[in-house]
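The values are calculated or read from the model by the stated rules, or taken from the named source; none is laboratory data. Bear in mind that the values here come from a model prediction, so they are computed numbers and not experimental data. Here the Cβ positions follow ideal geometry from the backbone for every residue, glycine too, while neighbour counts run over all protein chains shown.
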Amino acid sequence: MSSAPRPRMRVTALLGANMFFSGVTFASTAPYASIVGVETLGLSTAAFATLLSVSSIVGAFLSLGLGYLSDRLPDRRILVLAAALAGMIGHGLIYLFPSQAVFLLAMGVVMPLGLSMFSQSFAYTRVFYNRHNPARADFMVSALRTVFTVAWTVVPPLAGYVAARYSVFNVYLISALSYALCGAIFIVMMTDRATLVPNAPPAPVAPAPAGAAIRRRLPFPILSGVVGLTVIATAMRLAGVGMPLLIVTDLGGSLTDVGLYAGIAAGLELPFMLGWGYLLARLSKESILIFNGLLFALYLFLATGVRSVGDLLWLQGINGIATAALMSVNISYLQDAIKGRVGLSTSLMDVVSISATLLGAAAFGLLGAGGDYRLVIAGAAAIAGLGALVMLAGNLTRLRGPRPARPA
């Protein structure tokens, strides 16, 4: 146990509440973003794909800057507050002024910062537990990721009901209020100085050629793992955009069905997240991620043949197993990627997410141009399988079992 001063408030409970409301911001809007953009506001698939691309490019530069600042600012919580404010403003604008212009402005310019609240919250969580209870740091990150998933279990069906009963833009009000609550939680935490985690200056490193520096920070197995995760995440983004459109078009479903689909998938993830967390003590992170990348590809392949919403819901057991690992084990994997730089390593989460969104947008613009959303899902299946194989190719010697965590 660390000798750091003990906070007077229940930090774990506050971080859990923050992760729940962070989950609400995603769970209330993500299943409906493509429906709002394409079906409600009338954007073409090409325009929506361009919007995702612009947002990704803005986010890429932003995430690199945030990763650099995160390891140097005197208080990491400032970045969480800035992201929460941006998210509240961005989704608040969409709710108050529902138009193509505002949607494009908010999603392309404001929300890249708002969406970084998720990874910045995890950066703070990791360094907080590294300081106060390092033996349980990995477990706490996994546990809080599970809390995030609880929101995905509860919120999408409720958001779907609100969208169908009132207006689909009301889901952005739910998200804006949740961003405000996340910011309020961190403001409360800042009143207790024991929750401040001072940044240690990065250890000096002797100058080296650029190629050698990259190899030292990201050896080939880690680099191939990051690339493989990015490709798998691309498939997840592509499926996340295409599946709601498949439900409301080809399968004749409703907005409520979209919420039910998202809620069931997340509910099934919960027990499997705990199971994969338990297996981390016995299996390597790479083997878990590779197996579930292939399993996710199988799920998407089977989804291309469904004929009703009910058929799709029956497949969510496979989806839950795979997504549980791909959305939880990946966090600790990426946070361990760059030795001694938790903030910079955590920024890899944003880099992977943003790169995946950019690639997924390009794939959606290409595959979805004709309105064939089964083709979109088939493309996502192929991409997921490719990502798993990329990670496998660089990690054949790392699949036997767990290794000691790299120092954070």
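A few notes on this one:
- Residues in segment 53-80 that are more than 24 Å from residue 180 (Cα to Cα) and of a type outside the set (Gly, Ala, Ser): 54, 57, 61, 64, 68, 71, 72.
- All positions within segment 59-87 that are more than 17 Å from the chain's Cα centre (by Cα) and of a type in the set (Val, Ile, Thr): 78
- Scanning segment 292-317 for residues that are at pLDDT 95 or above and not in a helix (DSSP H, G or I) gives no hits.
- Hits in segment 50-75 - residues which are of a type in the set (A, V, I, L, M), in a helix (DSSP H, G or I) and surrounded by fewer than 22 Cβ atoms within 10 Å (Cβ to Cβ): 51, 54, 57, 58, 60, 62, 64, 69
- Segment 28-49 - residue that is more than 20 Å from the chain's Cα centre (by Cα) and not in a helix (DSSP H, G or I) and, of those, nearest to residue 154 (Cα to Cα): 41
- Residues (in a helix (DSSP H, G or I) and among the hydrophobic types (A, V, I, L, M, F, W, C)) located in segment 4-27: 11, 13, 14, 15, 17, 19, 20, 21, 24, 26, 27
- Here segment 159-200 is the region considered, the condition is being assigned to a helix (DSSP H, G or I) and aromatic (Phe, Trp, Tyr), and the residue that is nearest to residue 40 (Cα to Cα) is 172.
- Selection status of residue 106, among the small types (Gly, Ala, Ser), buried (at least 19 other Cβ atoms within 10 Å of the Cβ) and out of contact with any helix residue (DSSP H, G or I) (no Cβ under 7 Å at 6 or more places or on another chain): no
- Extreme residue, modelled with the highest pLDDT, among residues of segment 1-27 that are within 26 Å of the chain's Cα centre (by Cα) and loosely packed, with under 12 Cβ neighbours inside 10 Å: 13
- For segment 364-388, a residue qualifies if it is surrounded by 22 or more Cβ atoms within 10 Å (Cβ to Cβ), small (Gly, Ala, Ser) and more than 17 Å from residue 323 (Cβ to Cβ), and the qualifying residues are 368, 379.
Okay, residues lined up against (1) at pLDDT 80 or above; (2) crowded, with 22+ Cβ neighbours inside 10 Å; (3) over 17 Å from the mean Cα position of the chain (by Cα):
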site: 147; (1), (2), (3): yes, no, no
site: 154; (1), (2), (3): yes, no, yes
site: 160; (1), (2), (3): yes, yes, yes
site: 169; (1), (2), (3): yes, no, yes
site: 174; (1), (2), (3): yes, no, yes
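- With respect to the stated conditions, residue 80 is surrounded by 24 or more Cβ atoms within 10 Å (Cβ to Cβ), among the hydrophobic types (A, V, I, L, M, F, W, C) and touching a helix residue (DSSP H, G or I) at 6+ places or on another chain (Cβ under 6 Å).
- Cβ-Cβ under 6 Å pairs, at least 6 apart or on other chains, segment 384-408 side farther than 14 Å from residue 333 by Cβ, far side part of a loop (DSSP other than H, G, I, E, B) and at pLDDT below 90: 401/284
- Restricted to segment 82-143, the set of helices (runs of 4 or more DSSP H) holding at least 1 residues that are modelled with pLDDT under 90 and touching a Phe, Trp or Tyr at 6+ places or on another chain (Cβ under 9 Å) comprises 111-115, 117-132.
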